Amino acid sequence: PAVPRAYPGPGAAAMLAAALFILAGWVQLSLMYFATGGYEAAVKALAAEISAALDASDGMRALFPDMTSEQLAQVYVQFSAVALSTGATLMQLANLYLAARSVQLSQRLNRPWRDIPSGFRLPRWLAAPTVAALALALVGPSPFDDYGLVATGALGVLYTLQGLAALHALSRRAAARPFMLAALYFACAAAAHWVLPALALLGLAESFADLRGRAARSLKTRP
């Protein structure tokens with residue numbers, strides 16, 4: 001009874017969410033591949049249905065004047081599995097955080113609350129499947145590159161969040177911290193195609209460099 005019970009941390013919960021939605025994305029790709037006699041045939045069939053719905057809505061000209069409904073539908077179908085794994089992983093983690101915080105504020109949370117900036121940690125071994133998925137997405141044959149892209153998207157969310165957690169933790173003693181974090185999130189929204197991959201690389205480096213741990217140890221050893 002004197003030994004405190006060990007609970008899985010935020011990183012473990014995030015990995016479980018990513019695994020579930022990677023599996024969901026792979027199932028979606030497999031259904032598309034086997035249901036209609038091949039991946040390309042499935043893309044064409046689904047794109048034709050979506051294109052007809054877009055044409056009937058009369059919203060294409062206002063939204064995408066330089067793109068036909070067929071082109072938009074094909075892009076939507078091709079990236080739907082990636083959007084599922086990436087967006088659903090992020091949404092699930094946001095829902096889990098809000099749910100846990102609500103239970104904590106109501107004083108019904110039996111587990112100790114984890115400090116997210118310092119407690120969100122991914123294991124080093126996760127880097128191997130992430131690099132393998134990225135390599136498959138970049139150089140793998142079709143449609144297997146899409147399987148790699150699905151896994152890369154979800155795992156990239158985890159490393160991006162770890163990068164954000166590291167910056168939150170490292171900036172805690174900075175006087176201009178609110179302005180720094182506001183600028184960071186503005187950059188995430190305004191230049192996501194540059195900032196988010198950089199955060200993911202920082203999160204990957206954090207798994208091996210342990211910048212947060214080094215900063216915490218240096219503070220303890222200061223006179």
Which one is modelled with the highest pLDDT, of the residues in the stretch 57-78 that are open to solvent by 80 Å² or more (accessible area, probe 1.4 Å) and either small (Gly, Ala, Ser) or outside any helix (DSSP H, G or I) (or both)?
-> Asp66
Taking only pairs six or more apart or across chains, which ones have beta-carbon atoms under 7 Å, a first residue in the stretch 153-172 that is in a loop (DSSP other than H, G, I, E, B), and a second residue that is open to solvent by 10 Å² or more (accessible area, probe 1.4 Å)?
-> Ser171/Arg177; Ser171/Met180; Ser171/Leu181
Would the stretch 79-101 turn up any residue that is surrounded by 15 or more Cβ atoms within 10 Å (Cβ to Cβ) and modelled with pLDDT under 70?
-> no
State whether the residues of the stretch 104-120 include one that is within 25 Å of Leu211 (Cβ to Cβ), charged (D, E, K, R) and assigned to a helix (DSSP H, G or I).
-> no
Do we find that Ala189 is assigned to a helix (DSSP H, G or I) and of a type outside the set (Val, Ile, Thr) in this structure?
-> yes
Pick from the stretch 192-223 the residues that are farther than 22 Å from Leu126 by Cα and in a loop (DSSP other than H, G, I, E, B): which of them is nearest to the chain's Cα centre (by Cα)?
-> Arg222
All positions within the stretch 139-161 that are open to solvent by less than 10 Å² (accessible area, probe 1.4 Å), of a type outside the set (A, V, I, L, M) and at pLDDT below 95 = Gly148
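The values are calculated or read from the model by the stated rules, or taken from the named source; none is laboratory data. Predicted, not measured: the structure shown is a model, and the values here were computed from it. Because the Cβ atoms are built from the backbone with ideal geometry, glycine has one as well, and the counts that use them run over all protein chains shown. Quick note on the areas: whole protein, heavy atoms, side chains included, nothing else; ligands and nucleic acids left out. Shrake-Rupley method; radii C 1.70, N 1.55, O 1.52, S 1.80 Å.
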